Amino acid sequence: MFRGTFTALVTPFRDGAIDVSAFGKLIEAQIAAGIAGIVAVGTTGESPTLSHEEREQVIRLAVTTANKRCQVLAGTGSNATHHAVADTKMAEKFGADGALLVAPYYNKPSQEGLFRHFKAIADGTSLPIMLYNIPGRCGVDIEPDTAGRLATECRNIVSIKEASGSVERVSELRGRLPESFTILSGDDSLTLPFMSVGAAGVVSVAANLFPAEVCALVRAFESSDVKSAEKLHRKLFPLFKDLFIEPNPVPIKTALSWRGDMSSECRLPLCEMTAANQARLRNTLETFEPAR
């Protein structure tokens, strides 16, 4: 169900509030580039710093702006299961096409606890669910056996965003999951390696800035044009790396602000890039030639 390029949207701020106009323009640019879907209120959207009311606002804006022209996933994960259930029901009410559910963070549940957490959410909604495994941020890993168990016992858990950084993990998952269950890369720089062993696309940060190029990479591989996919990967790779020289989404918001798309404003505890890293990112962007 979920395959291709999904953009992990930033949440634009201006003077402390959500910049509704900039958010709408960002979504329109994604759709114009042929994106498969967008993700609202994920890590890149600074979900930990949004109030409940703001989370509702951003998800509602994403759904209404997209207006069925692309899929909309709502980031509704939490380390409190009842909060995740409530937010997923909210996203379903607003008309989202699915929910992205990050592994519970900080409280470090066991694999059985992870299973029960995701099953409780799946039981509370009819929305298709994409699991989100990012052990570097959450301190816990959704292991392949747990993902396989969830796929078997919860028919609306249909996909996983895999951000463990391991190509081997994709092979392990592919061996334990039904063919219909999709794996998406959670790291732009690993999209091509992941797809080579069975992933079906990417949830991309870089696509906020260059959606057409990221879409082209994924589509080239899907159409078996591996040489073109590799060429695009090599072209984009320096950008993929430098968009993470400081914590996401600080670099991507900085780059978007240089282009005039929005303010670079992030919420504390995130702050502006160092001068040295700004210079490095500017240099990378200046040597990158976007598609015409």
Rounded to a whole %, the carbon-and-sulfur portion of the accessible area of the chain at a 1.4 Å probe is 51 percent
Mind checking which lysines have their C-alpha under 18 Å from LYS161, skipping anything on the same chain fewer than 8 residues away?
-> LYS119
May I ask for log10 I(q)/I(0) of region 85-147 at q = 0.19, 0.26, 0.27 Å⁻¹, from a Debye sum over the Cα atoms as equal point scatterers with solvent left out?
-> -0.70, -1.11, -1.16
With +1 on each Lys and Arg Cβ and -1 on each Asp and Glu Cβ, and nothing else charged, work out how big the dipole of region 7-86 is about its Cα centre, in Debye to the nearest 20.
-> 300 debye
Before anything else, pin down the relative contact order of the chain: Cα pairs under 8 Å, at least 6 apart, normalised by residue count, whole percent.
-> 18 percent
Which lysines have a Cα lying under 16 Å from the Cα of LYS235, excluding residues fewer than 8 positions away in the same chain?
-> LYS227
Hey, which aspartates and glutamates would be in cross-link range of LYS93, C-alpha to C-alpha under 20 Å, not counting anything within fewer than 8 residues on its own chain?
-> GLU53, GLU54, GLU56, ASP123
Restricting things to alpha carbons, tell me how big the chain is in terms of Rg and Dmax, in Å.
-> 17.8, 50
Separation in nanometres of the label points that stand 7 Å from Cα toward Cβ, at ARG267 and ARG280 | 2.8 nm
Check: region 117-272 dipole with +1 on Lys, Arg Cβ and -1 on Asp, Glu Cβ, in debye | 180 debye
Accessible area of SER264, 1.4 Å probe, to the nearest 10 Å²?
-> 60 Å²
Restricted to the chain, the DSSP antiparallel beta bridge percent, nearest 5, is 5 percent
So what is the calculated 222 nm ellipticity per residue for the chain, using -39500 (n - 2.57) for each DSSP H run with n of 4 or more, over all residues, to the nearest 500 deg cm²/dmol?
-> -14000 deg cm²/dmol
Heavy-atom accessible area of VAL102 with all protein chains present, probe 1.4 Å, nearest 10 Å²?
-> 20 Å²
Rounded to whole Å², per residue accessible area for the chain with a 1.4 Å probe reads 42 Å²
Rounded to a whole number, what is D in µm²/s for region 36-122 from Stokes-Einstein with the Kirkwood radius over alpha-carbon pairs (20 °C, 1.002 mPa s)?
-> 164 µm²/s
Would you mind working out the magnitude of the charge dipole of the chain relative to its Cα centre, with +1 at each Lys and Arg C-beta and -1 at each Asp and Glu C-beta, to the nearest 20 Debye?
-> 360 debye
With 0.36 nm assigned to each residue of separation and the Cα-Cα distance removed, VAL197 to ASP145 gains 16.9 nm
Comparing GLY75, GLY148, GLY136 in a Gaussian network model of the chain (Cα, 10 Å), the one with the largest mean-square fluctuation is GLY136
Distance in nm between label sites at SER257 and GLU112, each 7 Å beyond Cα in the beta-carbon direction?
-> 4.8 nm
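The values are calculated or read from the model by the stated rules, or taken from the named source; none is laboratory data. These numbers come from a predicted model, not from an experiment. All Cβ positions, glycine included, derive from the backbone under ideal geometry; neighbour counts span all protein chains shown. In case anyone asks, the SASA skips ligands and DNA or RNA and just uses the protein heavy atoms, side chains included. Shrake-Rupley method; radii C 1.70, N 1.55, O 1.52, S 1.80 Å.
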